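Taking it in order: structure first as structure tokens, then the write-up.
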Amino acid sequence: MLAGVLVTPGRALPSESPRYTMPREFPERQVSFEKIGEVKAPTCPWIDQVDDPCRYWLVDDEPFPQAAPYVVMKGGAPTAAPFVVSPDRRSVVYLDRTSRRVVHQHGGNRRDLSGTLADADVPEVSISERGRYVALTRNGTRVIDTGSRSEITLPGVLKVLEVSSPGVVVTTASRLIVYDRRGKERLSIAVPSLLLESRTAFLKPDGSRLVVISDDGDLVETYDLTTRERIHRVRPRLPDGDPVESGAGWSGKGSFQVRRDAGAEERRDFFLDLATGRTGHVT
């Protein structure tokens, strides 16, 4: 059972002196891994716990001590520091607890992606499928190739929708833009600012297509990145008539997949015909 003491202002009784429960030091060891398992965020920003698990990022219920648990923005409450795992679960990007630098770690190999940061300057983090490409967004975006150590800077970016080997999809105050790995613009779509937040985007692995899902999953649009034209616009329904919950990207066989969150049941993926909007069960 976890226990903690919350210290609140007040006067001590004459026969008593104030007692404070202070947290122990974080372990100094550095954790390495082959594959990141289940991740749990820290959950106790305010209470001085005695070495409780809630003070760490946990991977498979074990502390990941080199990752900072919280950042404190000006005038705000503590929020969890970035801890972003690549979809293949073999890389992670986090804020280092000691140096306060953003770090990319693959197995036991670590690389700094930033200098020392004040909490208010800690960026939002996006990471590619296999962890090679990392986007850091704060007053613009830096996209870093952790393999070649090259990077590009994209000014005016507010949000990264996808970063991958074919390129990066971002939004500005009024546009959705696709860049290649060199920072060259491949597509720019004007979008009303109120609708930008509801969009998700997926680049085809060969870089030939962009799929944009909006309207709470009800609208799927496909763009040809060679001609810069929209080639499909469909309103898909799943086989039972339910709307699409989210996109799942391209399968290894080249078909685009969408997803429904079945609540307590396991999530189900479906093929989507981008030209007709028809869907089918993934077998």
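FYI, it's all coordinate maths here, none of it is from the lab. Source: prediction; values computed, not measured. Glycine also receives a Cβ, built like all others from the backbone with ideal geometry; neighbour counts cover every protein chain displayed.
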Quiz item: Restricting attention to segment 77-176, which trypsin sites (Lys or Arg not before Pro) occupy a DSSP loop and are surrounded by at most 10 other Cβ atoms within 10 Å?
Solution: Arg149
Quiz prompt | For Arg186, residues with placed amide H under 5 Å, excluding near neighbours | solution = Val178, Tyr179, Asp180
Quiz item: How many angstrom separate the Cα center of segment 70-116 from the Cα center of segment 155-176?
Solution: 21 Å
Exercise. DSSP loop (so not H, G, I, E, B), at most 16 other Cβ within 10 Å: list which GluC sites (Glu not before Pro) in segment 152-249 pass both filters.
Key: Glu197
Self-check item: Stokes-Einstein D in µm²/s, Kirkwood radius over Cα pairs - segment 116-258 at 37 °C with 0.692 mPa s viscosity
Solution: 207 µm²/s
Quiz item: For Ser91, what charge total do you get from the other residues with a beta carbon under 12 Å from its beta carbon, if Lys and Arg give +1 and Asp and Glu give -1?
Solution: +4
Quiz item: Residues with beta-carbon under 14 Å from that of Val170, excluding Val170: net charge, scoring Lys, Arg +1 and Asp, Glu -1?
Solution: +3
Quiz item: Taking only the alpha carbons of segment 179-233, what extent do you get along each of the three principal axes, in Å, biggest first?
Solution: 30, 21, 18
Quiz prompt | Surrounding net charge for Asp112, when Lys and Arg each add one and Asp and Glu each subtract one, Cβ distance under 9 Å | solution = +2
